[in-house]
Amino acid sequence: MPMPTTKELIYQARQAGYQITEAQQIRANRWFLTLKDTNGATLLVLVQARPLIISADVQDLAELVQVRRIARGLLWAYGGSFSPAAHRTLNELSASHLRFCTALPPAAQPEGEELVKVSAALRPTS
């Protein structure tokens, strides 16, 4: 999958029904988006465009959400997947306000419903 541009990520967020509050590329393969859903709730999305998302990415999202005082965070593996260590880190953080996805869920979804399905589908089988 080719590397997205900030403009393409903004377009995808708008297509999913979000309002974009902020969009910033922080590395060649990393962005964060601050979005508002259809209820006006704020969501911080950390986008990683690489094959494997690791535990450090989960910790980065948790820190960004905490520092920015945003209620929900989403780690979007753009064209990639989540390592078993990333799943363990999410579980260890006991962070129900943080979710994983490989595609941005629609803004109109009930709180967490689609995100839980996406996250569960990505869990490694043991």
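Selection of first residues in region 5-29 that are aromatic (F, W, Y) and of second residues that are part of a loop (DSSP other than H, G, I, E, B) and surrounded by 14 or more Cβ atoms within 10 Å (Cβ to Cβ), restricted to Cβ pairs under 7 Å at least 6 apart or on distinct chains, gives the following pairs, ordered by first then second residue: Y18/D37; Y18/A107. Scanning region 37-53 for residues being closer than 13 Å to A107 by Cα and in contact (Cβ under 8 Å) with a residue 24 or more places away in the chain gives a total of 7. Looking at F32 and the list (1) modelled with pLDDT of 95 or more; (2) under 14 Å from the mean Cα position of the chain (by Cα), which single condition is not satisfied? All conditions pass for F32, except number (1).
The requirement of being within 18 Å of L98 (Cβ to Cβ) and modelled with pLDDT under 95 is satisfied by A41. Scoring R14 on the criteria (1) charged (D, E, K, R); (2) assigned to a helix (DSSP H, G or I); (3) at pLDDT below 95 leaves a single failure, condition (3).
Scan region 55-85 for residues that are of a type in the set (V, I, T) and either touching a Lys or Arg at 6+ places or on another chain (Cβ under 7 Å) or surrounded by fewer than 13 Cβ atoms within 10 Å (Cβ to Cβ) (or both) and the total you get is 1. Of the residues examined, R88 is not one that is surrounded by fewer than 16 Cβ atoms within 10 Å (Cβ to Cβ), modelled with pLDDT of 90 or more, out of contact with any helix residue (DSSP H, G or I) (no Cβ under 8 Å at 6 or more places or on another chain) and not acidic (D, E). Of everything in region 91-122 that is at pLDDT 55 or above and of a type in the set (S, T, Y), the residue that is surrounded by the fewest Cβ atoms within 10 Å (Cβ to Cβ) is S94.
The values are calculated or read from the model by the stated rules, or taken from the named source; none is laboratory data. Predicted, not measured: the structure shown is a model, and the values here were computed from it. All Cβ positions, glycine included, derive from the backbone under ideal geometry; neighbour counts span all protein chains shown.
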